[in-house]
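Asker: Structure provided below as structure tokens; questions to follow.
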Amino acid sequence: MFNKFRKGHKPLSTEYTKEEVLQHPIPEHVAIIMDGNGRWAKKRSLPRIAGHYEGMQVVRKITRFANELGIKVLTLYAFSTENWKRPKQEVDYLMKLPEQFLTTFLPELIEENVNVRVIGNRDQLPEHTRRAVEKAMEETKHNTGLILNFALNYGSRRELTYAMQEIAKQVAKGQLAPEEITEDVIASYLMTKDLKDPDLLIRTSGEIRLSNFMLWQLAYTEFWFTDVLWPDFTEQHLLQAVAEFQQRGRRFGGV
Ligand code: V07
């Protein structure tokens, strides 16, 4: 209580240990908007792509730790449908990261029983990127450990639009009555159909918005925002997010 604040006015947040956090229920599905890679690089007078590279190393580190904590699904927003508007050379570099990540880390992810998945439109990806992610999905599809789910060329409105088109086709064919369109039916047309909704959403880098990420799936999710830039994100930050999640009462609109 008395030392909750430093001499200045920066809140001194509590450090948590893994053991402490493991004494309470762990969120099953954690989703992360990994923002701040470009800003991290700019602060160091490095090109933006250096920030993306560093961010990729943090993905590996946090994946390992999430698995250790017993998190079942980790969804990472790697590339949005809006990210194509960035300079071509940055997009070209970003499209090499899935391969680079998988070339470096797939053997150890397999060793750790990780199941790699991708949500998003793969058809618009460069051939080399699509092949790398499809190979990883194929090689890990029977793994029963952490589901490492990358949102790659993902946009939530695009996902919902596509779902509505598919449902409308069923209705037009007379195979589905409008009254039969339930929440469960809609969820079954989304790219996350095999996953439970996220329990916890983390966004780094101080932006307090969703940026077209999992709009349907985040309806009851707890949000945790931090000013920390993604390349500076550590295991301790994840522990902090999970610990605060554990302290919040979740009532699903009930009492
Ligand atoms: C990307 C690194 C993390 C920070 C955010 C932007 C840059 C890992 C992947 C990836 C994607 C699919 C896959 C395996 C790895 C990735 C992109 C960007 C486009 F199957 N990191 N990372 N993909 N960054």
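The values are calculated or read from the model by the stated rules, or taken from the named source; none is laboratory data. Remember, predicted model here, so these are calculated numbers, not experimental data. We place every Cβ from the backbone using ideal geometry, glycine too, and count neighbours over all the protein chains shown.
Asker: Considering (1) within 16 Å of the ligand (Cβ to nearest atom); (2) of a type in the set (A, V, I, L, M); (3) exposed (fewer than 15 other Cβ atoms within 10 Å of the Cβ), say which one residue 106 fails and leave the rest.
Answerer: (3)
Asker: I need the full set of residues from the stretch 213-232 which are hydrophobic (A, V, I, L, M, F, W, C), surrounded by fewer than 20 Cβ atoms within 10 Å (Cβ to Cβ) and more than 12 Å from residue 36 (Cβ to Cβ), in order please.
Answerer: Result: 215, 216, 218, 219, 223.
Asker: Check off (1) crowded, with 20+ Cβ neighbours inside 10 Å; (2) within 9 Å of the ligand (Cβ to nearest atom); (3) in contact (Cβ under 8 Å) with a residue 40 or more places away in the chain for residue 132 and give me the number that stays unchecked.
Answerer: Here residue 132 meets the rest and fails (3).
Asker: Evaluate the stretch 175-192: report whether one residue or more is at pLDDT 95 or above, in a helix (DSSP H, G or I) and of a type in the set (Val, Ile, Thr).
Answerer: Yes, because at least one residue in the stretch 175-192 is at pLDDT 95 or above, in a helix (DSSP H, G or I) and of a type in the set (Val, Ile, Thr).
Asker: State yes or no: is residue 201 in contact with a Phe, Trp or Tyr (Cβ under 7 Å, 6 or more places away or on another chain) and more than 20 Å from residue 73 (Cβ to Cβ)? Reasoning before the result, please.
Answerer: On the way: in contact with a Phe, Trp or Tyr (Cβ under 7 Å, 6 or more places away or on another chain): yes; more than 20 Å from residue 73 (Cβ to Cβ): no.
Against the criterion (in contact with a Phe, Trp or Tyr (Cβ under 7 Å, 6 or more places away or on another chain) and more than 20 Å from residue 73 (Cβ to Cβ)), residue 201 does not qualify.
Asker: When both residues are 6+ apart or on different chains and their Cβ atoms are under 6 Å apart, which pairs have a first residue that lies in the stretch 100-120 and is over 18 Å from residue 72 (Cα atoms), and a second that is at pLDDT 95 or above and not in a helix (DSSP H, G or I)?
Answerer: 120/151; 120/152; 120/153; 120/154
Asker: Another question, if that's okay. Considering only the stretch 135-182, how many residues are polar (S, T, N, Q) and surrounded by fewer than 15 Cβ atoms within 10 Å (Cβ to Cβ)? Quick ask: steps written out before the conclusion?
Answerer: As a first pass, look at the stretch 135-182 and keep what is polar (S, T, N, Q): 140, 143-144, 149, 153, 156, 161, 165, 170, 175, 182.
With surrounded by fewer than 15 Cβ atoms within 10 Å (Cβ to Cβ) added as a condition, the list becomes 144, 161, 165, 175, 182.
Result for the stretch 135-182: 5.
Asker: Among the helices (runs of 4 or more DSSP H) contained in the stretch 1-81, which hold 1 or more residues that are within 10 Å of the ligand (Cβ to nearest atom) and modelled with pLDDT of 95 or more?
Answerer: Counting at least 1 such residues, we get 37-43, 48-69.
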